[in-house]
Each structure stands twice: as C-alpha cells, then as structure tokens.
Ligand code: F6R
C-alpha cells in the first residue's frame, strides 16, 4: 500500500532512511562491515584484475559511483558499461575479471545477457540486486542483495540509494581486506554510514519547501544538472528523474564539461541545477556557477548546511547535512528526487506510471 502517501514514488522517497537501515542490518555490526560474499569469495575478489560494472539506467548511475568507491578504497581498476553496449561490443574479458551486475528488478534483458556473455568468458559474476530470486540474482556467483523492499514506482529512488549503499559497504570491506584502506579512514566511513539514515530524514523534513520551489520550475522545457566528482553521477540521476516523470528535457553533465558545449544553451529560460556541496571541487563549481550567472541563467543549488556564501550566487538553495566526500551521493540525490516528483505532480502527471516506461525492461 501507499502508506498514506498519494503516490508510491513519494512513499519510496520517504522510506529511504528505513531502507538504508535495512540495507546495513546484519552487515554493519559493531562498527565492522561483514559481507558473506567477501567472507566466502574474498581471495577471488581481491585478486581481480579488474572489475567491470554492467547495468542500465539508474542502476548504471549507481555503478558510476561504485567505480569511484572501489578505485578509491581498493585501488583496483573498474570499468562501467551500459549492459546493452557491453554485450554487443565483443569486449575484452579475462578469466580473472569480476563483472558486477547492478539491477533493481533482476530481470533487465540487457543486463542478463551481459552477465551470460561474461560467464562464457570465465569471469566471476557478482550481483547487486534488489529482487530476491530474480533471473539476474540466480545467474550470479555471489553478491549483495540491496534489501530495500519491492519498488513499485516506475522511477527508481530507494533502489538507487540502496545500490550506492551496497557499493559503499563492498568497497570498504574489500579495501580493508586488501590493505589499501587505512583503519582510520575505514572507521570514519563506517561510523558515518550509520548516521546516513538520520541525515536523509533531515532532508526529507524539507519536503514542503521543495514542493514550493518545484512549482516555480514547471514552466521549464529544458534543464541542466551539473555536478563534479562524487556528485557527477548524481547530476545524471537527477536529470533522468526529471525526464522520466516530469517530461522535461534535462541533461546531466560533469560541471567542467559545460564550457565544452552546453553553456551555449544557457539563458534565462533554462534553469541550471548545481550540486555544490562542500567537497572536492567546491571552488571550481562556484566558478562554473558564476559563468552561468553571467549569462543570465537561473540557478538552483544543492549546498551543504551552513554554506551562506552560496546565496550570493544561487537563486534557490536546498541544503543537505554535511558528510564526507564518499558518502555525499546518498544525500545529494534526495532533493533531486523530490524536485522531479513535485514538478510532475504540479503538471498533473501520473507519477507512478509515466508514459512509455515499464518498471522492468525484459525486452531489449
Ligand atoms: C529509472 C529507472 C530505469 C532502471 C533501468 C534498470 O528510474 O527505473 O532507468 O534503472 O531500467 O532497471 P533495473 O535496475 O531493474 O535493472
């Protein structure tokens, strides 16, 4: 049931603090990460020549964050591919590669075909899957279930944060096991992961304010979402949410790429959403904002609580609690989910069943 919410999507957005708790249950115990996949397949995983993440849509965005996490904490190279491109490209695969399939439904046809191809080439298959017993889950050698409960809304929300949470735990567990991650950083991360649910709750308390803000943007036909580093995949995800349910053309870009083309589009009619939290690249993103401002652009910023400077440049601001670099996507994506939801509601659209989309894409 919708639990009193008007749409499944809104319920699922608001379920995210509990979903994160479910996701870590039995896996973060006494400030240690315990993953049976790492206990049972640790040496195979740690001796991987390379990880290759395959997925589609939102799950692919989670994969981009997974790449950054595994490379940062484990120093093992990671590639991320759209499952549909990977399967038809005749990719170079080695038997000591580990292929990670990311999927909410566990039934996406391209992702399933991608892991079958990898399996034929002798790779180990690791799943980050929500639907227990699904086709993808059954074809993997091991993995981590996302455990966020069934997702009904067509636009993926809690599955995304759940997938990112799984990557956080996986990268930390592997990084600790292979000695590339020092104890201090590991401890700091594990502690911070456990307070993420409360920090998400704080963002959700701004629901009304975000609804109010959203109404000011229903006029838009185009939107630009910009972020750097850890927030770059979040920019892609925010833009996808807006397209899917609000039917507004939106593009997500790494903010520095703006100069290489998209800036030509900027005018007073095209809002630009910057994810400008206090992390690596903050100064640079502020200068990207100035470039947009100079061209008459309308700026919405997602910023870190306490950042008052940003009001000098942003027209609208949504604050998120501060956190460490590697966890920020779990927070910065939440306001973007709400923004797309309220724009769609204000336009009178069917949020849970957007036109032309299916919850699980079992045909290619
Ligand atoms: C976006 C969305 C889709 C899915 C994609 C992959 O909101 O829901 O982009 O993420 O179709 O689906 P799964 O994760 O089920 O493999």
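Some values worked out for this structure:
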{"read-out": "Tally, over segment 94-120, of residues that are within 14 Å of residue 51 (Cα to Cα) and without any contact (Cβ under 8 Å) to a residue 40 or more places away in the chain", "value": "2"}
{"read-out": "Residue check for residue 331: surrounded by 16 or more Cβ atoms within 10 Å (Cβ to Cβ) and within 17 Å of residue 239 (Cα to Cα)", "value": "yes"}
{"read-out": "Any hit, segment 103-124, residues being surrounded by 19 or more Cβ atoms within 10 Å (Cβ to Cβ), closer than 23 Å to residue 330 by Cβ, at pLDDT 95 or above and away from the ligand (no atom under 14 Å from the Cβ)", "value": "no"}
{"read-out": "Filtered residues of segment 67-124 (kept if in a strand (DSSP E or B) and either in contact with a strand residue (DSSP E or B) (Cβ under 6 Å, 6 or more places away or on another chain) or over 23 Å from residue 151 (Cα atoms) (or both))", "value": "78, 79, 80, 81, 97, 98, 99, 100, 101, 102, 103, 124"}
{"read-out": "Single unsatisfied condition, residue 249 versus (1) in contact with a strand residue (DSSP E or B) (Cβ under 8 Å, 6 or more places away or on another chain); (2) free of Cβ contacts under 8 Å to residues at least 24 places away in the same chain; (3) surrounded by fewer than 15 Cβ atoms within 10 Å (Cβ to Cβ)", "value": "(2)"}
{"read-out": "Meets criteria (within 16 Å of the ligand (Cβ to nearest atom), on the phi < 0 side of the Ramachandran plot and in a helix (DSSP H, G or I)) for residue 361", "value": "no"}
{"read-out": "Every pair of residues 6+ apart whose Cβ atoms lie under 9 Å, when the first sits in segment 339-353 and is on the phi > 0 side of the Ramachandran plot while the second is surrounded by fewer than 20 Cβ atoms within 10 Å (Cβ to Cβ)", "value": "none"}
{"read-out": "Odd one out for residue 171 among (1) away from the ligand (no atom under 15 Å from the Cβ); (2) under 27 Å from residue 92 (Cα atoms); (3) in contact (Cβ under 8 Å) with a residue 60 or more places away in the chain; (4) surrounded by fewer than 23 Cβ atoms within 10 Å (Cβ to Cβ)", "value": "(4)"}
{"read-out": "Residue ID - farthest from residue 112 (Cα to Cα), chosen from residues in segment 54-69 that are surrounded by fewer than 24 Cβ atoms within 10 Å (Cβ to Cβ) and more than 14 Å from the ligand (Cβ to nearest atom)", "value": "68"}
{"read-out": "Failed item in (1) away from the ligand (no atom under 11 Å from the Cβ); (2) under 20 Å from the mean Cα position of the chain (by Cα), with residue 92 passing the rest", "value": "(2)"}
{"read-out": "Qualifying strands (runs of 3 or more DSSP E) (wholly inside segment 238-309; at least 1 residues being more than 20 Å from the chain's Cα centre (by Cα))", "value": "271-276, 298-304"}
{"read-out": "Qualifying residue in segment 125-138 (condition: buried (at least 20 other Cβ atoms within 10 Å of the Cβ), more than 13 Å from the ligand (Cβ to nearest atom) and not in a loop (DSSP other than H, G, I, E, B))", "value": "yes"}
{"read-out": "Scope segment 25-52; condition part of a loop (DSSP other than H, G, I, E, B), surrounded by 12 or more Cβ atoms within 10 Å (Cβ to Cβ) and in contact with a helix residue (DSSP H, G or I) (Cβ under 7 Å, 6 or more places away or on another chain); matching residues", "value": "27, 35"}
{"read-out": "Meets criteria (over 15 Å from the mean Cα position of the chain (by Cα) and either within 16 Å of the ligand (Cβ to nearest atom) or more than 26 Å from residue 334 (Cα to Cα) (or both)) for residue 25", "value": "no"}
{"read-out": "Residue in segment 140-153 that is surrounded by fewer than 17 Cβ atoms within 10 Å (Cβ to Cβ), within 15 Å of the ligand (Cβ to nearest atom), within 23 Å of residue 239 (Cα to Cα) and in contact (Cβ under 8 Å) with a residue 24 or more places away in the chain present", "value": "yes"}
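So that you can scan it fast, the table gives a plain yes or no per residue for (1) in contact with a strand residue (DSSP E or B) (Cβ under 8 Å, 6 or more places away or on another chain); (2) closer than 30 Å to residue 175 by Cβ; (3) buried (at least 21 other Cβ atoms within 10 Å of the Cβ); (4) at pLDDT 90 or above:
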position: 288; (1), (2), (3), (4): yes, no, yes, yes
position: 320; (1), (2), (3), (4): yes, yes, yes, yes
position: 324; (1), (2), (3), (4): no, yes, no, yes
position: 353; (1), (2), (3), (4): no, no, no, no
position: 364; (1), (2), (3), (4): no, no, no, no
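The values are calculated or read from the model by the stated rules, or taken from the named source; none is laboratory data. Computed from a predicted model, the values in this text were never measured in an experiment. With ideal geometry, Cβ positions are generated from the backbone for all residues, glycine too; neighbour counts draw on all protein chains shown.
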